[in-house]
Amino acid sequence: MSITKNDKIVFIKDSINNNLIDHKIIINYTNMNNIDISRNMNGIFLTINKLSDKDIDNIMNLINKYIKEKNYINTEIKNYNNIIENTKNSSIHVKEKKEYLDIKFNKLETELIESSLN
């Protein structure tokens, strides 16, 4: 099933209206490609129906890429937070370092200790 031009236009409009993409990306695209937009005190307006098929496809691809990257980042942040939370909740046992005295024995003391062990 192929996506019609009208389906693409509806997708773009819905994505913009529902803030699924940062509007600056669309504005940058229109500026870079010399696409006319209207500006007034209510905002910036783009007549998507008048765009070429190429521009519609490009904007649709920008939106899809933005959404995928945003979802990837959110998933990675969630995974990282889960790792941090699991690390906090797990009991970590740190072995205490034992300190020993450094004792030197002379020959007689060493012989006495050895003979007492036998």
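Computed from the coordinates by the stated procedures, all read-outs in this text should not be read as laboratory data. Remember, it's a predicted structure, so these values are computed and weren't measured experimentally. Note that we place each Cβ from the backbone using ideal geometry, even for glycine, and neighbour counts take in every protein chain shown.
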Tell me which of Ile25, Phe11, Asn64 sits at the most positive position along the dipole axis of the chain, charges placed on C-beta atoms (Lys, Arg +1; Asp, Glu -1).
Phe11
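What order do you get for 20-30, 105-115, 41-51 when each peptide is scored by the mean count of other beta carbon atoms within 10 Å, highest first? If you can, show how the numbers build up before the last one.
Values: 20-30: 14.5, 105-115: 9.7, 41-51: 11.6.
Top to bottom by mean Cβ count within 10 Å: 20-30, 41-51, 105-115.
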Pull up the cross-link candidates among the lysines for Lys97, meaning alpha carbon to alpha carbon under 24 Å and not fewer than 8 places away within one chain.
Lys88
Bins of 5 Å, starting at 0 and running to the largest distance - Cα pair percent for the chain:
2, 8, 12, 13, 9, 6, 5, 4, 4, 4, 4, 3, 3, 3, 3, 2, 3, 4, 4, 3, 1
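Could you pull out the pairs from Lys50/Lys78; Lys13/Lys70; Lys24/Lys78; Lys54/Lys78 whose alpha carbons sit more than 29 Å apart here? Don't skip to the answer; put the middle values down first.
Values: Lys50/Lys78 40 Å; Lys13/Lys70 19 Å; Lys24/Lys78 26 Å; Lys54/Lys78 36 Å.
Checking Cα-Cα distances, Lys50/Lys78; Lys54/Lys78 exceed 29 Å.
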